[in-house]
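For reference, the structure discussed in these notes is given below.
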Amino acid sequence: MSKTMLVAQREFMENMRTKTFWLGILSFPILIVFAIFGQKLLADSKDVRKYAVLDRSEGQWLSRAVSARATQADIGKLLEEVTEAKDEDERTKLVQKWWSALTEDHPLRIAERQFGLDILSMIANPPELSDQQKQQMSKWRDQLAPGQIEELAKVAGGLSLDDYRQVQFDDLGDDPEKALSEKLNDEKIFAYFVIGPDPEESDETSAYVSNNITDNELRKWYASHATEIVRDRRIKNLNLSAEDAASIRGRYEFAQQNLDGETGEVKDVEDKEKLGGLAPIAFVYLLWIAVFTAAQMLLTNTIEEKSNRLIEVLLSSVSPMQLMAGKVIGIGATGLTIVLSWVISALIGVQFMSGKIAELGLTAIISDPLYLGSFVAYFLAGYLLYAAFLVAIGSVCDSLKEAQSLMQPVFIILIVPLIAMVFVVQDPNGTVARFLTYIPLFTPFLMMNRAGGPPPTWEYVATTILIIVSLAIAFWAAAKVFRVGILMTGKPPKVSEILRWLRAPVGQVAERKQETTD
Amino acid sequence: MEHALTLSHVTKRFGSFTAVDDLSLNIPTGSIYGFIGPNGAGKTTTIRMVMSIFYPDAGEITVLGNSQPEAVKDRLGYLPEEKGLYKTMRLGEIVAYFGKLKGMNSGEAKRKAIDLLERYGLGEWIDKKCQALSKGMGQKVQLLGTLIHDPELVILDEPFSGLDPVNMELMRDTILSMKKEGRTVIFSTHVMKQAEEICDYIFMIHKSKKVLDGTLAEVKSTHERGIQVDYDGDGAVFHELQSQGLVDRVNDAGKTCEMFPTDGTDPQQILKKLVERISIRRFDLRDPSLHEIFVRAVGGEVVDA
């Protein structure tokens with residue numbers, strides 16, 4: 001085995017024993033697991049918000065209407081999911097799960113009694129509905145404006161009954177507001193609503209009272225229902241026909257479309273395409289972490305060898321170039337191992353994704369050779385570029401502390417692609433993105449960033465040439481600095497001094513007269 | 001005579017500073033060669049050139065008969081003055097690693113490392129990490145890393161510094177046994193006593209130039225003899241002798257003192273003066289100590305040793 005590879009092998013084996021390496025390997029699967037289960041856990045762990053309503057409207061019509069409407073929305077939502085269920089078994093299971101969670105005084109149960117419908121069997125077995133029931137159902141569904149379910153889901157995060165539950169208090173005495181405030185203080189309820197005597201006229205005397213001023217979801221959810229109901233009433237008072245009313249209520253929307261990549265025809269944008277456009281952000285971020293971690297490893301490692309006085313022993317056996325190359329290769333291999341482990345865990349991870357996440361086509365994105373190939377290739381390019389800088393910095397410093405001041409400009413440079421990340425993803429082939437792409441230190445990150453575009457082929461060719469040329473220059477400079485710096489002790493040199501080394505002919509400073517090859 | 005190392009008119013400059021100036025040196029195979037000289041004189045630069053860490057700006061270096069020192073790097077062993085170990089590596093691994101870097105194959109290096117560690121009393125430490133070692137043990141491990149590939153020429157820079165008497169003896173025995181095996185040993189030291197004890201040849205460099213080179217006896221014979229006294233009492237008397245013009249150099253170590261009579265001074269006269277003031281255990285006239293030669297060579301300057 002050549003001496004370079006011996007050095008590389010040692011670096012690799014040693015790094016495998018460090019915490020940084022295993023943290024690097026494990027961080028990503030943990031992140032994925034969190035992404036899959038964590039959000040659901042967080043959503044599940046949110047307490048059901050209990051609220052009371054003090055309704056002064058005639059016959060409490062508004063609060064009743066809101067309950068009914070929320071119930072309809074929930075049923076609609078249930079129907080939506082139930083009709084999408086694979087088979088009878090799953091359907092029954094779903095329905096029973098929900099139903100068993102409901103108490104007798106739950107709006108759905110009340111609705112069951114009120115509307116005289118067997119909601120349970122109705123939901124469970126949609127085909128067996130009677131004509132009248134079907135009519136009722138379609139009426140409900142029609143009442144739900146298109147996209148409302150999604151909207152509702154956004155406001156309430158799934159079924160409203162999972163999140164909000166109205167509490168009835170029978171005897172609130174002469175001063176109900178004061179009584180409710182006490183309940184609020186005792187944390188019996190999360191909030192209470194006050195509805196004025198004539199909601200149709202104005203919302204002047206209405207109020208939402210809660211001690212939590214940051215979580216406004218409940219207020220928005222209730223208000224959105226109340227608004228719809230009040231608006232319905234107002235429209236009705238105008239004696240408009242149903243058509244006119246619907247027309248007034250209708251929104252003006254734009255369908256999101258783009259050109260098909262193959263046929264060039266205009267088509268609707270699919271959900272997974274939207275996500276695909278954003279995917280580079282995740283890749284750039286991971287790329288950044290990987291490049292940064294590996295380059296940092298190289299720096300610490302070089303300084304460790306220097307401060308441990310190992311350099312001279314090593315140089316009595318290997319040449320400085322063999323040492324430098326060995327270190328860069330060994331740590332590069334460590335980084336590549338981490339990156340490949342991420343790719344593999346991502347590929348495994350998507351197999352376990354289900355439901356909505358799976359529909360978004362993550363599998364397709366993650367296993368897309370464009371992204372995967374770019375990721376691995378740009379990791380190598382980015383690592384090598386920064387490795388050249390950090391190995392040179394490491395060679396002239398005796399301690400990490402000394403390295404810090406020299407590292408600062410590198411850090412500042414490294415942060416730019418992170419800042420630009422979101423802008424570039426929004427405009428992957430724009431002027432700013434193009435401009436940044438051709439600054440060699442940013443090229444790997446920017447090309448990854450623009451992968452959603454994707455950039456035209458000539459840009460891939462141009463940046464590949466740019467990267468190769470930059471690498472050659474960077475390593476030529478790094479080698480010059482390394483040869484002098486690695487045996488230096490004492491104060492690290494100033495940047496101006498390092499530049500002088502680069503200009504000086506070989507042999508002028510403490511350098512080797514001739515190159516050696518393995 | 002066959003030479004393990006030959007330097008002829010070697011010069012090395014760093015910018016405007018000349019670190020080694022026109023140095024010529026012949027080191028016979030199988031000898032122990034002591035490099036002495038004040039700090040910054042050029043010892044380490046010379047050694048680094050032999051190890052092809054640096055390349056000379058002018059002159060020729062022939063190592064083990066090869067004028068390309070690079071080509072025989074694997075047959076040399078070098079223990080630098082500043083020695084270190086990878087803290088997280090295990091003893092067995094690191095010694096074997098140094099062997100592999102010198103071209104040994106993996107299995108052979110591993111076997112030899114274990115064998116050496118056991119022989120040097122570090123058997124139970126083979127699987128321990130280097131960070132657990134004391135300084136002396138660390139130095140032993142570094143020495144083993146230097147010797148694992150049975151180098152023909154070994155260069156030891158300050159091998160004795162920081163060693164306790166037991167390990168110092170071990171180091172000395174190691175050096176002597178290498179000589180017996182026909183290897184050549186170059187070692188640098190600041191402790192003149194050690195150099196006197198084991199070196200066949202002494203080489204001294206000062207201000208980038210060679211000032212002494214030859215066998216110990218040769219080096220000493222070129223200098224006048226001095227008086228050595230072992231004594232108890234107040235050493236102020238020596239300086240009085242000096243101010244009276246009887247002796248011109250005094251190296252008083254507290255219990256022993258070396259001095260050099262001025263021309264025409266009778267040693268008997270000095271002895272007479274001394275017995276009045278201090279109790280003398282030994283008084284003799286002999287070759288000057290290496291210490292004295294060293295100090296004279298650097299021109300009596302204060303040496304930062």
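Take the Cβ atoms of A:ASP203 and A:ARG249, set R0 to 22 Å, and the FRET efficiency comes out at 0.70. The gain in end-to-end length when the A:LEU278 to A:GLU187 segment is fully stretched comes to 28.6 nm, 0.36 nm per residue minus the alpha carbon separation. Among the GluC sites (Glu not before Pro) in region B:141-185, those placed in a DSSP loop whose Cβ has at most 15 other Cβ atoms within 10 Å are B:GLU181.
Between chains B and A, what is the buried accessible area in Å², counting both sides, with a 1.4 Å probe and ligands, DNA and RNA left out, to the nearest 100? Adding both sides of the contact gives about 3000 Å². Treating each Cα of chain B as one equal point scatterer and applying the Debye formula with no solvent, the log10 of I(q)/I(0) at q = 0.10 Å⁻¹ comes out as -0.65.
Contact-buried residues of region B:5-35, at a threshold of 40 Å² lost accessible area versus the chain by itself, are absent (1.4 Å probe; DNA, RNA and ligands ignored). With a Förster radius of 22 Å applied to the beta-carbon distance between A:ALA35 and A:LEU347, the computed FRET efficiency rounds to 0.90. The separation of region B:199-240 from region A:376-404, counted between C-alpha centres, amounts to 51 Å.
Taking 0.36 nm per residue of separation and subtracting the current Cα-Cα distance, fully stretching the chain between B:LEU285 and B:LYS180 would add 34.5 nm.
Mean 1/r over all different Cα pairs, inverted: what Kirkwood radius does region B:224-286 give, in Å?
Evaluated over region B:224-286, this radius sits at 11.3 Å.
Across B:SER134, B:SER16, B:SER52, mean-square fluctuation computed from a Gaussian network of chain B (C-alpha pairs under 10 Å connected) peaks at B:SER16.
Close amide-amide hydrogen proximity is noted between B:LEU23 and B:HIS9, B:VAL10, B:THR11, each under 5 Å apart and 5 or more residues distant or on a separate chain (H modeled in the peptide plane; Pro and chain starts excluded).
Take the Cβ atoms of B:ALA236 and B:SER134, set R0 to 30 Å, and the FRET efficiency comes out at 0.15. In chain B, the DSSP-assigned H stretches of four residues or longer account for a calculated mean residue ellipticity at 222 nm of -10000 deg cm²/dmol, using -39500 (n - 2.57) per stretch and the full residue count as denominator.
Multiplying the residue separation of A:GLN256 and A:ASP215 by 0.36 nm and subtracting their alpha-carbon distance yields 11.6 nm.
Taking amide hydrogens as placed 1.01 Å from N in the peptide plane, the amide H of A:ASP203 sits under 5 Å from that of no residue at least 5 positions away in sequence or on another chain. Using a cut-off of under 18 Å, list every residue of region B:175-208 whose amide N is near the label point 7 Å from the Cα of B:ASP150 along the Cα-to-beta-carbon line. Residues B:175-185 fall inside that zone. Taking every protein chain into account, the accessible area of region B:224-286 amounts to 55 square angstrom per residue (probe 1.4 Å). Residues in region B:126-150 near a label at B:GLU108, defined as backbone nitrogen under 12 Å from the 7 Å Cα→Cβ point? Within reach of a label on B:GLU108: B:149-150. Could you tell me which of rounded, prolate or oblate describes region B:90-240, using a ≥ b ≥ c as the square roots of the eigenvalues of the alpha-carbon gyration tensor, with rounded for a/c under 1.5 and, failing that, prolate when a/b is larger than b/c and oblate otherwise? It comes out prolate by the Cα gyration axes.
The values are calculated or read from the model by the stated rules, or taken from the named source; none is laboratory data. These figures come from a predicted structure and were not determined experimentally. Ideal geometry is used to build each Cβ from the backbone, glycine not excepted, and the neighbour counts take in all protein chains shown. Keep in mind that these areas ignore ligands, DNA and RNA; they rest on the heavy atoms of the full protein, side chains included. Shrake-Rupley method; radii C 1.70, N 1.55, O 1.52, S 1.80 Å.
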